[in-house]
Amino acid sequence: MVRPFAAKGKKRKKSEKYDRDEDAEESTSPSKKVMLENEPDEEPAKEDFHELEGIPIAPKDPKNDSNAGVIFILERASLEVAKVGKNYQLLNSDDHSNYLRRNNRNPGDYRPDILHQALLAIFDSRIAKAGRLKVVYVKTEKGLLIEIKPYVRLPRTQKRFYGVMLQLLQKLSITAAGKREKLFRVIKNPVTQYLPANCRKMGFSHSSDKLVKVRNYLDAVKDDVDLVFVVGAMAHGKIETDYTDDLLAISEYPLSASCCIADICKDLAEKWNVG
């Protein structure tokens, strides 16, 4: 009988202790209480989905400011958002083929992976690493124009890239983490208003009758002229623009956007003696 009574007594003392703790908390000074209330319950997430860290690919070289640079324009990119189930998603043929067929759409036309591969070919090139890339513009099938800074750290995986593009289309811009600079942003058309006055604009299409070797063509262009390359980022068809000076074909065979860009960057690096 003594043991249960002792246990019961301990519980009473424990409860009395909690009462004393509560009284002590209530007697805390108002200034300290305000500080406690203002403290966040959890640490903020280190990585926000629409905030990317902008890291220059190479240290900025003052010599490159006076040199000619290159601008890429990727036309007819497949970037479209739709509500699939309960969430908004970036439509692509791999994940939404059934949804697209139910809505009488061709899954083969929804290929944002082509844009991802083309961007990787640009930002992984020696031209970009040497700081000669000025900017990249992307124009979607719906006519939306997107600007991408030359020193953005591009997502390497398709899933991550799709998520970033989804955030971009919803928020219209993506800023660098801890900075105010916009790495991706939707801008007004037409793209020609953003191009340098002294530039050479070249479009590329397999359907062109003008078959050239890129290196020979580039050698005929002066070294102080900025170069603008227009490449299609779609699965089928050809680009139709009215602002290019030339429409060229660089192979007898149809090439993917990433392969075409890789060839262009290789010949351009040789022209500019970029190691």
Every listed condition ((1) surrounded by 16 or more Cβ atoms within 10 Å (Cβ to Cβ); (2) in contact with a strand residue (DSSP E or B) (Cβ under 8 Å, 6 or more places away or on another chain); (3) closer than 21 Å to Ile127 by Cβ) holds for Ala262 save (2)
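What do you reckon, is Tyr194 under 15 Å from Tyr137 (Cα atoms), open to solvent by 40 Å² or more (accessible area, probe 1.4 Å) and aromatic (Phe, Trp, Tyr)? Don't jump to the end; show me each part of the working.
Numbers: under 15 Å from Tyr137 (Cα atoms): yes; open to solvent by 40 Å² or more (accessible area, probe 1.4 Å): yes; aromatic (Phe, Trp, Tyr): yes.
Considered against the rule, which asks whether it is under 15 Å from Tyr137 (Cα atoms), open to solvent by 40 Å² or more (accessible area, probe 1.4 Å) and aromatic (Phe, Trp, Tyr), Tyr194 comes out as yes.
Taking strands (runs of 3 or more DSSP E) that do not extend beyond segment 194-275, which have at least 1 residues that are more than 30 Å from Gly108 (Cα to Cα)?
On the way: elements: 199-204, 226-232, 246-248.
By residue number, 199-204, 226-232.
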Considering residues of segment 152-176 that are under 25 Å from Glu270 (Cα atoms) and either among the acidic types (Asp, Glu) or buried (at least 18 other Cβ atoms within 10 Å of the Cβ) (or both) only, the residue nearest to the chain's Cα centre (by Cα) | Leu154
Check Lys142, Lys129, Lys149 and return the single one that is within 23 Å of Asn273 (Cα to Cα) and open to solvent by 10 Å² or more (accessible area, probe 1.4 Å).
-> Lys129
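The values are calculated or read from the model by the stated rules, or taken from the named source; none is laboratory data. Treat the numbers as computed from the prediction; the structure is a model and nothing was measured. Note that each Cβ is placed from the backbone with ideal geometry, even for glycine, and that neighbours are counted across all protein chains shown. These accessible areas exclude ligands, DNA and RNA; they are computed on the full protein's heavy atoms, side chains included. Shrake-Rupley method; radii C 1.70, N 1.55, O 1.52, S 1.80 Å.
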